[in-house]
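All of the numbers you see were taken from the coordinates with simple rules; none came from a lab. All figures in this text were calculated on a predicted structure; none of them were measured in a lab. As a convention, Cβ positions derive from the backbone with ideal geometry for all residues, glycine included, and neighbour counts pool all protein chains shown.
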Amino acid sequence: MKILLNNKEVSLPQGSTLHELLLQENITLLNVAVAVNNTLVLRDKWATTMLNEGDNVVAITAAYGG
């Protein structure tokens, strides 16, 4: 199936979870906030949040400095 991750089309197997997507795309699992279809998904729900064709996922990593 195809989803959008930070405005980039990504292919992944049907039935994939949010956690599997983050691992596939080498997104750090620390200091990151993730939303699916404009809804924030808490870290403890990543492994159980199933993705669907056409979902829009945004992953934002915290930056340090000033």
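Residues of the range 1-32 being more than 11 Å from the chain's Cα centre (by Cα), of a type in the set (S, T, N, Q) and either assigned to a strand (DSSP E or B) or at positive phi (or both), which ones?
Passing the criteria: 7, 11, 31.
Can you tell me which residues in the range 1-35 are surrounded by fewer than 10 Cβ atoms within 10 Å (Cβ to Cβ), closer than 13 Å to residue 55 by Cβ and touching a residue at least 12 places away in the same chain (Cβ under 8 Å)?
Answer for the range 1-35, where residues must be surrounded by fewer than 10 Cβ atoms within 10 Å (Cβ to Cβ), closer than 13 Å to residue 55 by Cβ and touching a residue at least 12 places away in the same chain (Cβ under 8 Å): just 14.
Can you tell me which residues in the range 51-66 are within 15 Å of residue 5 (Cα to Cα) and either in contact with a Gly (Cβ under 7 Å, 6 or more places away or on another chain) or in a loop (DSSP other than H, G, I, E, B) (or both)?
51, 52, 53, 54, 55 - these are the residues of the range 51-66 that are within 15 Å of residue 5 (Cα to Cα) and either in contact with a Gly (Cβ under 7 Å, 6 or more places away or on another chain) or in a loop (DSSP other than H, G, I, E, B) (or both).
Report yes if some residue within the range 36-43 is in contact with a strand residue (DSSP E or B) (Cβ under 9 Å, 6 or more places away or on another chain), of a type in the set (Ser, Thr, Tyr) and either surrounded by fewer than 10 Cβ atoms within 10 Å (Cβ to Cβ) or part of a strand (DSSP E or B) (or both); otherwise report no.
no
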